[in-house]
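What follows is a short report on a single structure.
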């Protein structure tokens, strides 16, 4: 669900939406929407979805006005459980400049820190809710640029305590919205994995998995250091029987 700041339509901000005077409607670049539609959307979601459903607000414009908007919606009774942050890098030249070490594209470590610090003021879990890092071209070098930049960014987001999830936006090349680059997927159009797929898979199913064997001390206690998340602990009792239980490490 997108939310739009009420700003002048000529603004360079991507998420520009303007209230049409006297009409009760808001005009964004995606067309005419009911005025205050972010508020109405959350109220409808609260009415029809189970109370256990986590509601996520999502925007591209990482400015203080976004934080103010979330605070205003909550103040008016909206249930907002997660705050989302989009980041789309479509421009091939920007990708090449990032690969060359330039501080552009909102993906440098200090820029990621700025976004996390901004949203952390809301005291909500943060979801990197729409992530696109395109390859600048279809050469192996171009695909490796995409993979390395994605891997570095994912590791930085994963390290932030408040970040609860990361969603890659265009999974397959050539399947994005009109105007989006054809090379923004983790798979080619024929579903062949690209280097970016292997880079993220090695993080999710390798580096970020804690697999360890430990021996209990004389009091029957075990200690280990691992990533936060849900663990399955298994052991053999003195009689040889296999047992296990789940533990959520916070």
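Values quoted throughout were computed directly from the atomic coordinates according to the rules given, and no laboratory measurement underlies them. Keep in mind that what you see is a predicted model, and the values were worked out from it rather than measured. Note: ideal-geometry Cβ built from the backbone for every residue, glycine included; neighbour counts use all protein chains shown.
Descriptive notes on the structure:
- In terms of other Cβ atoms within 10 Å, 158, 42 run from fewest to most in the order 158, 42.
- Choice from 125, 195, 64 with maximal GNM fluctuation in the chain (Cα, 10 Å cutoff): 64
- The calculated 222 nm mean residue ellipticity attributable to helices in the chain amounts to -9000 deg cm²/dmol, summing -39500 (n - 2.57) over DSSP H runs of n ≥ 4 and dividing by all residues.
- Cα centroid of region 79-111 to Cα centroid of region 174-221, whole Å: 19
- Percent RCO, i.e. relative contact order, over region 81-209, from Cα pairs under 8 Å lying at least 6 residues apart: 25
- FRET efficiency, residue 81 to residue 245 (Cβ-Cβ, R0 25 Å, nearest 0.05): 0.35
- Using the Cβ-Cβ distance between residue 171 and residue 74 with R0 set to 25 Å, the FRET efficiency works out to roughly 0.20.
- Each DSSP beta bridge with both residues in the chain is either parallel or antiparallel, and the antiparallel ones are about 50%.
- Taking the DSSP bridge list for region 81-209 and keeping only pairs wholly inside it, about 10 percent are antiparallel.
- Residue among 197, 154, 48 with the largest mean-square fluctuation in a Gaussian network model of the chain, springs linking Cα atoms under 10 Å: 48
- Relative contact order of the chain, defined on C-alpha pairs under 8 angstrom at six or more residues apart (%): 11
- Each of 104, 70, 222 was scored by other Cβ atoms within 10 Å of its Cβ. Arranged with the fewest first, they read 222, 104, 70.
- Sorted by Cβ density within 10 Å, fewest first, the residues 132, 238, 167: 238, 167, 132
- Semi-axes of the equivalent ellipsoid of the chain are 37, 27, 16 Å, computed as sqrt(5λ) over the eigenvalues of the C-alpha gyration tensor in descending order.
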